[in-house]
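Everything below concerns the one structure shown next.
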Amino acid sequence: MNAKPRPSAGVPFSGGLVGVGGFVLVALTGLVIRFAGQNRPTMIDSWWHDLLAGRRSGLADAAALFLNISGGTLSMTLVTVAVVAVLLVLRRWRQAITIGLTVALASGICTVLKILVARPRPLDGIVDVGSDSFPSGHTTTAAALTIAIALAFPQVWTWALAGAWVASVALSRTYLLVHWASDVLAAAILGASMALLVAAILARVFGDSPPRMRSLKKPSIAGPGFTGKAQTSIGSLLS
């Protein structure tokens, strides 16, 4: 019998530090792309783009177009609202706040980075999208939502769902030729980082601090009166 998903006890402080590090990494990558790289695609970006551009199939096209809609802003907003609403009805306040705040924060930061970096998209995109490419909004939201759920309810299937969904969305964005590979990689890191950071902060807010170290002093094996009894026993042996 499968066990029901159990709420997590919280992400440790170190998880929050990983989240901050991931965000800094994405932000610095955006700066390098914007100023050092002059917003040009990297060698890996161009190689991956050309590879996918030459490999098309009807099934892959249909799957990518489906993910383009189901993973879009409107669809993911509705899914997030639905998940948060269900958790609120179930009185899972902390999980609801964690998931809702993670998606909102990740989406907001993604939008700001898009404006600041202002990286052009590939010119041969298959679907109509906005003008800014770095990082991928679809992939950011996918990672933020599914990883926040996995952190809130850590089970094998929640982590498997997160990995499969994020990878599928990221691949579909490059398959549709609307993002460079570095766009979706940075977006996945950004979404995961925000999930870790929010979960770690709320763990502290809700009082899930690491347990204090117990005293290293060994408990005494001698109870009250032990010394007196020992002395009496020793005296009787010597008499």
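The numbers here are math on the coordinates, done by the rules we state, and not lab data. This structure is a prediction, so every number in the text was calculated from the model and none was measured. Every residue, glycine among them, receives a Cβ derived from its backbone with ideal geometry; neighbour counts consider all protein chains shown.
Rg and Dmax of region 1-105, both derived from C-alpha coordinates alone, stand at 19.6, 56 Å.
Taking only alpha carbon atoms, region 87-195 gives an Rg to Rh ratio of 1.03, where Rh is the Kirkwood radius.
Charged neighbours of LYS114, selected by a Cβ distance under 13 Å, balance to +1 (K, R count +1; D, E count -1).
Translational diffusion coefficient of region 56-132 (Stokes-Einstein, Kirkwood radius from Cα pairs, 10 °C, 1.306 mPa s): 107 µm²/s. Listing MET76, MET194, MET43 from fewest to most neighbouring C-beta atoms within 10 Å gives MET43, MET76, MET194. Each 5 Å bin, from zero up to the one with the longest distance, holds this percent of the alpha carbon pairs of region 138-208: 4, 19, 24, 21, 15, 9, 5, 2, 1, 0.
Can you sort TRP47, TRP180, TRP159, TRP165 from fewest to most other Cβ atoms within 10 Å of each residue's own Cβ?
Ranking TRP47, TRP180, TRP159, TRP165 by Cβ neighbours within 10 Å, fewest first, gives TRP47, TRP159, TRP165, TRP180.
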